[in-house]
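Reviewing the structure listed below.
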Amino acid sequence: MSTQDNNFLEKKSDKPTHTIRKKHWTGKRSEYELLGVAWQRDDGGLYIKLHGTQVIDGGFYAFPNKDETTTQGGQ
């Protein structure tokens, strides 16, 4: 593991910067299921932590958190 990876893991306790969601269609409406959270990395990438053991068919979205008070259960 590189020094950059070690530094990121030490910072990981900070609040997530993004929520990870998957779009589901229910009739004519769409809903977003929370899959996990993500942290913005210094190199521009995202570290993504998914919750549970779901199988993801297709893609998912990474939405930036709107404020610093958003938690893992928020949008």
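Values quoted throughout were computed directly from the atomic coordinates according to the rules given, and no laboratory measurement underlies them. The structure presented is a predicted model; accordingly, all values stated were derived computationally and were not measured. Note that we place each Cβ from the backbone using ideal geometry, even for glycine, and neighbour counts take in every protein chain shown.
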Original post:
Amide H neighbours of G36 under 5 Å, counting only residues 5+ apart in sequence or on other chains, H built in-plane at 1.01 Å?
Top reply: I20, H51
**OP:** Determine which lysines satisfy two conditions relative to K15: a Cα distance under 18 Å, and not lying fewer than 8 residues away in the same chain.
**Re:** K49, K66
**OP:** State, to one decimal in nm, how far the label point of T53 lies from the label point of H24, with both points 7 Å from Cα in the Cβ direction.
**Re:** 1.9
Subject >> Cut-off 14 Å between beta-carbons: net charge of the residues surrounding K22, Lys and Arg +1, Asp and Glu -1 >> reply: -1
